[in-house]
Amino acid sequence: MNKKKSKKATESKKSDKSKSLNVELQETKDKYLRLYSEFENFRRRTSKEKIDMIDSANKELLSDILPVIDDFERASKSIKKENKSDLEGYNLIYQKLINTLENYKVKKMEIKKGDKFDSEFHEAITSTPSEKKYKGKIIDVIENGYHVGDNILRFAKVVTGS
């Protein structure tokens, strides 16, 4: 009989040890899954932050290039059409710059005289007395506005009618 009790006690100890190992294994699996999920979240978050940082740096660079575009546009208005060889070279350089900006998804805002003033896209530099039909509308564009995708890179600076 002692052998039976001893055998049952041994089996009971083995069973208890097996249950405790199973519990410990389950806890370890849970910790592993949590750690894995946490790491995946970290990886996604850092990847997104890196993309945002690159986009931010691109926007700063593109914003710094916009005054050069403005200078090109002002110069094109003042260049005499008589010297066509200079004008062709100038236009070639200007077009390359525009194409480079387009590669970065920079688009000029399409604004024309008579469009309604919208503070989401336009910055009113001044207003001037005008005909009744131009009240609250754009009379002149001082600087063109640009956007990258859905984000505004620079507001258009305009003169409005009052």
State, to one decimal in nm, how far the label point of Leu33 lies from the label point of Leu61, with both points 7 Å from Cα in the Cβ direction. 4.5
Fewest-first sequence of Phe117, Phe39 by Cβ atoms within 10 Å of each Cβ: Phe39, Phe117
Between the helical axis of 2-78 and the dominant principal axis of the chain, each derived from Cα atoms, what acute angle in degrees is found, rounded to the nearest 10? 10
Where the centroid of each part is defined by its Cα atoms, how far is the stretch 84-162 from the stretch 56-70 in Å? 15
I'm spelling it out carefully: the read-out is Cα extents along the principal axes in Å, the candidates are (1) 40, 39, 31; (2) 120, 45, 17; (3) 46, 36, 29, and one was derived from this structure. Which label? (2)
Suppose each label sits 7 Å from its Cα in the direction of the beta carbon; what would the Glu73-Lys113 distance come out to in nanometres? 1.6
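Can you tell me how the stretch 81-162 classifies by the Cα gyration tensor, rounded, prolate or oblate, using a/c under 1.5 as the rounded cut?
Working: a/c = 3.65, a/b = 1.54, b/c = 2.36.
Cα axes put the stretch 81-162 in the oblate bin.
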Counting DSSP beta bridges with both ends in the chain, the antiparallel % (nearest 5): 60
Quick one: angle between helix 84-103 and the longest Cα principal axis of the chain, in degrees between 0 and 90, rounded to 10, please. 20
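Since every read-out is calculated from the coordinates, none of them should be taken as a lab result. Keep in mind that what you see is a predicted model, and the values were worked out from it rather than measured. Cβ coordinates were reconstructed from backbone atoms using ideal geometry, including for glycine residues, and neighbour counts include every protein chain displayed.
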